[in-house]
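Written out below as structure tokens is the structure these notes cover.
The values are calculated or read from the model by the stated rules, or taken from the named source; none is laboratory data. Everything numeric in this text was worked out from a predicted model, so none of it was measured. Don't worry about glycine lacking a Cβ; one is built from the backbone with ideal geometry, like all the others, and counts go over all protein chains shown.
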Amino acid sequence: MQYIGNIIRPPSEADSIILQVTVGCSYNKCTFCGAYKEQSFAIKSEQVVDEDLQFARSYCRNQKRLFLADGDVLILSQRRLIEILLKIRKNLPWVTKVSLYGNARAVRNKSLTQLQELKGLGLDRIYLGLESGCTEVLDLVQKGETHETMVDAGRKIRQAGLFLSVTALLGLGGSVLSEKHAKETAEALNKIGPNQIAVLTLMVLQNSPLGQRAASGDFILPDSQQMLRELHLLISGLNSNRCQFHANHASSYLPLAGRLPRDKDVLLRTIENALAGSVPTVPESWRAL
């Protein structure tokens, strides 16, 4: 595979074929993200993508899932996405599920009919980075979205019949907006009703604008106890929507996973026990992105 830059994919795509069709992120303004700050957005040529498909055809026959990288594939034109999905179907007929990252901006550029068309051609799952349901937090990190636009994007994906995995980021509001961030993120998730919620914990990157704010003292990252209280508040605010829940990313202080609403009480008790010191948390030196 002819990869350019660092390939970033969801943890659940660890065993997938990774087909890079774009490089970087077309927006690339979020202050907390350092993933693509030194990488200009580009669309890979059809020739290169075709060559990678032929490689996968020869060497990836045991992998049933495929992830389209990088961070902004849904921004491609409908024509180009259709071409890619048709080529996957032709060259890798054993692949049963195709997934990609889709930001709210890209979702807005697709009609419901277009999303349904992509689903009919094999697209199965979209990963949407909500990060926060709090408009004030979204503004502070220059996400370019609001509570309402994020909810609308998530709902459109669900309406198209696609599996929706939504990511939220603990600590993004800093110490000052921690409670508001948790409550309004839960509210947004309730309105969207995703199939999966993935909660990560903010690790401030030095090469990011948010890292510069933290270095100057303008942004105060919540400590591990406040992060746990934020997680408790978020889960407490989730209603009865059925979904998978994961807070077991390498960045987490307390790895948790379960199904909601079935495991809600167990998850909350585990956090309470960790806050009380009876359940160990992950040491700072063990955390990673």
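Miscellaneous remarks
- Test: residue in the stretch 181-204 that is at pLDDT 95 or above, over 28 Å from Val107 (Cβ atoms) and surrounded by fewer than 20 Cβ atoms within 10 Å (Cβ to Cβ): no
- Some residue of the stretch 36-54 being among the hydrophobic types (A, V, I, L, M, F, W, C), in contact with a helix residue (DSSP H, G or I) (Cβ under 8 Å, 6 or more places away or on another chain) and outside any helix (DSSP H, G or I): yes
- Among the residues of the stretch 229-251, some residue qualifies, meaning at least one is without any contact (Cβ under 8 Å) to a residue 40 or more places away in the chain and farther than 25 Å from Tyr36 by Cα.
Results for (1) among the polar types (S, T, N, Q); (2) closer than 17 Å to Ala168 by Cβ; (3) in a loop (DSSP other than H, G, I, E, B), shown as yes or no for each residue.
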{"position": "Asn207", "(1), (2), (3)": "yes, no, yes"}
{"position": "Ala215", "(1), (2), (3)": "no, no, no"}
{"position": "Leu231", "(1), (2), (3)": "no, yes, no"}
{"position": "Asn239", "(1), (2), (3)": "yes, yes, yes"}
{"position": "Ala250", "(1), (2), (3)": "no, yes, yes"}
{"position": "Arg262", "(1), (2), (3)": "no, no, yes"}
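- Residue that is nearest to the chain's Cα centre (by Cα) [pool: residues in the stretch 1-35 that are of a type in the set (D, E, K, R) and assigned to a loop (DSSP other than H, G, I, E, B)]: Arg9
- Hits in the stretch 1-24 - residues which are closer than 27 Å to His246 by Cα and either of a type in the set (Ser, Thr, Tyr) or touching a residue at least 60 places away in the same chain (Cβ under 8 Å) (or both): Ile7, Ile8, Arg9, Pro10, Pro11, Ser12, Glu13, Ser16, Ile17, Leu19
- Flag for Ala168 being part of a helix (DSSP H, G or I) and within 17 Å of the chain's Cα centre (by Cα): no
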